[in-house]
1. I'd like to know if the range 3-15 contains one or more residues that are touching a helix residue (DSSP H, G or I) at 6+ places or on another chain (Cβ under 7 Å), outside any helix (DSSP H, G or I) and at pLDDT below 80.
2. Can you pull out the residues in the range 44-57 that are within 15 Å of the chain's Cα centre (by Cα) and within 23 Å of Glu26 (Cα to Cα)?
3. Against the definition (polar (S, T, N, Q), at pLDDT 85 or above, over 18 Å from the mean Cα position of the chain (by Cα) and in a loop (DSSP other than H, G, I, E, B)), how does Asn138 come out, yes or no?
4. Please enumerate the residues belonging to the range 47-72 that are assigned to a loop (DSSP other than H, G, I, E, B), open to solvent by less than 70 Å² (accessible area, probe 1.4 Å) and at pLDDT 85 or above.
5. Consider the range 30-43. How many of its residues are more than 15 Å from the chain's Cα centre (by Cα) and either open to solvent by 40 Å² or more (accessible area, probe 1.4 Å) or under 15 Å from Ile119 (Cβ atoms) (or both)?
6. Output yes when any residue across the range 103-117 is of a type outside the set (S, T, N, Q), in a strand (DSSP E or B), at pLDDT 80 or above and surrounded by fewer than 14 Cβ atoms within 10 Å (Cβ to Cβ), and no when none is.
7. Could you figure out which of (1) in a loop (DSSP other than H, G, I, E, B); (2) at pLDDT 75 or above; (3) in contact with a helix residue (DSSP H, G or I) (Cβ under 9 Å, 6 or more places away or on another chain) isn't true of Asn180?
8. Given the conditions (1) surrounded by 12 or more Cβ atoms within 10 Å (Cβ to Cβ); (2) under 17 Å from Ala46 (Cβ atoms), report the number of the one that Glu83 does not fulfil.
Amino acid sequence: YGDQIGQAFGSRIRFLFCSGAPCPKELRSAYRGLPMLQAFGMSETAASFSIDYPGDQDEDSAGTIFSNIDARIFDPDEQGVGEIIVKGGNVFLGYLDEQLTKECFDENGYFHTGDIGKIRNGKLIVLQRKKKTLVGSNGETMDVSALSEMLCSLDDNILRADLTLVHDRLSADLYVKDPNRSAANAVEQYN
């Protein structure tokens, strides 16, 4: 698909960044042939604190952690997986809600991102959110992990269901094993 996508975008693209959430391997593979680079950050960290550099991409990672950023894994398991925490001049000072600030910063000044991952050879590997919640425009939060699991259980062709809010409407991106076989019947049954 990479060549077809490249033709659709045009041949003048120097870099194509994916950011905001981990870019699935399936999607990165589909864009093969294009200069797809991954970046990772959040509003609280003044945007990115890791980025792929041309010629140094790793499909598992969200890029190399910037040298002036202190990123670590909090309470890692045997595989080195835990919550991503970060400290540096790019990290904001806190929320207007002091209690929320106390919950997100530890006694050593590290900001707890709420993302689960690991660090390998200076590269950040983001695996998932600690809590799969979405926040509506009214501030209401939704735990979507149960809904995501339910969508995956509807059809054995569905590998993963990523849920997002678009203008306060719930949207699901379904990743399937066989792209020639539709999962629409299962989703329609649920509706």
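The values are calculated or read from the model by the stated rules, or taken from the named source; none is laboratory data. Because the structure is a prediction, the values reported are computed rather than measured. Ideal geometry is used to build each Cβ from the backbone, glycine not excepted, and the neighbour counts take in all protein chains shown. Note: areas computed on protein heavy atoms with side chains; ligands, DNA, RNA excluded. Shrake-Rupley method; radii C 1.70, N 1.55, O 1.52, S 1.80 Å.
1. No.
2. Hits for the range 44-57 are Ser48, Ser50, Ile51, Asp52.
3. On the way: polar (S, T, N, Q): yes; at pLDDT 85 or above: no; over 18 Å from the mean Cα position of the chain (by Cα): yes; in a loop (DSSP other than H, G, I, E, B): yes.
When the stated conditions are applied, Asn138 does not pass them.
4. Ala62, Gly63, Phe66, Ile69
5. 3
6. Residues of the range 103-117 that are of a type outside the set (S, T, N, Q), as a first pass: 103-107, 109-112, 114-117.
Remaining after also requiring in a strand (DSSP E or B): 105, 111-112, 114-117.
Cutting the leftovers down to at pLDDT 80 or above gives us 105, 111-112, 114-117.
Filter once more, keeping what is surrounded by fewer than 14 Cβ atoms within 10 Å (Cβ to Cβ): none.
No, the conditions are met nowhere in the range 103-117.
7. For Asn180, the failing item is (3).
8. It fails just one condition, (2).
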